[in-house]
Amino acid sequence: MRITAALFRLAIAFWVGGSALFTVVLTPILFSTQPRDLAAAIVGVLFPGYFQWGLAAGTVAVVCLLIIRGRYFLPTLVLLLLMLGLTSFQAFFLEPRAADLKQRIGSFETTAPDDPDRRRFSRLHGVSMVCNLAVLVGGMVIIILPGPFRPEG
């Protein structure tokens with residue numbers, strides 16, 4: 001049971017840590033040091049792996065939680081499933097549409113901000129940012145609250 005609880009904690013830490021690193025460190029550095037189109041292309045190449053990382057870590061966390069149960073099992077499970085749902089929505093709905101729009105736009109540096117495709121991309125980007133923030137906050141809640149890591153008894 002201790003190994004499963006440790007694996008649960010690691011999965012949550014890897015998921016939240018990876019998300020925080022990508023969101024708070026890597027992406028801002030890319031966009032502040034590279035031309036916008038290059039930074040967008042690099043981030044676009046990384047996104048599939050980023051979402052796969054979150055889906056894999058989240059799945060491991062859910063499986064471990066189902067085994068250990070523990071205090072606050074149901075709220076933790078609901079939060080994890082919500083986080084997985086948001087990550088899935090980003091991976092399978094938002095990201096493919098945003099990638100398609102990026103190809104149609106061609107260049108963010110030369111395309112006018114009021115271009116219809118660019119405006120659609122901005123909306124998708126905004127929704128994705130909210131989803132990403134919700135996943136980060138959800139993961140931080142799970143990390144901060146000690147209950148989910150303790151087996152019952």
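The values are calculated or read from the model by the stated rules, or taken from the named source; none is laboratory data. Treat the numbers as computed from the prediction; the structure is a model and nothing was measured. No Cβ is skipped: glycine too gets one built from the backbone with ideal geometry, and neighbour counts run over all protein chains shown.
For this structure, a couple of remarks:
- Condition met for Thr4 (surrounded by fewer than 18 Cβ atoms within 10 Å (Cβ to Cβ), hydroxyl-bearing (Ser, Thr, Tyr) and at pLDDT below 95): yes
- Of the criteria (1) within 11 Å of the chain's Cα centre (by Cα); (2) over 15 Å from Phe22 (Cβ atoms), which one Arg119 fails: (1)
- Qualifying positions in region 32-46 - closer than 15 Å to Leu101 by Cα and either more than 17 Å from the chain's Cα centre (by Cα) or surrounded by 14 or more Cβ atoms within 10 Å (Cβ to Cβ) (or both): Asp37, Ala40, Ala41, Val43, Gly44
- Test: residue in region 105-122 that is assigned to a helix (DSSP H, G or I), in contact with an Asp or Glu (Cβ under 7 Å, 6 or more places away or on another chain) and basic (Lys, Arg): no
- Condition check for Leu82: in a helix (DSSP H, G or I), modelled with pLDDT of 95 or more and touching a Gly at 6+ places or on another chain (Cβ under 8 Å): yes
- When Ala5, Ala56 are checked against the criterion of being farther than 21 Å from Arg123 by Cα, free of Cβ contacts under 8 Å to residues at least 12 places away in the same chain and either in a helix (DSSP H, G or I) or touching a Phe, Trp or Tyr at 6+ places or on another chain (Cβ under 6 Å) (or both), a single residue qualifies: Ala56.
- If the condition is being among the hydrophobic types (A, V, I, L, M, F, W, C) and closer than 16 Å to Gly44 by Cα, then region 90-126 contributes Ala91, Phe92, Phe93, Leu94, Ala98, Ala99, Leu101, Ile105, Phe108, Phe121, Leu124.
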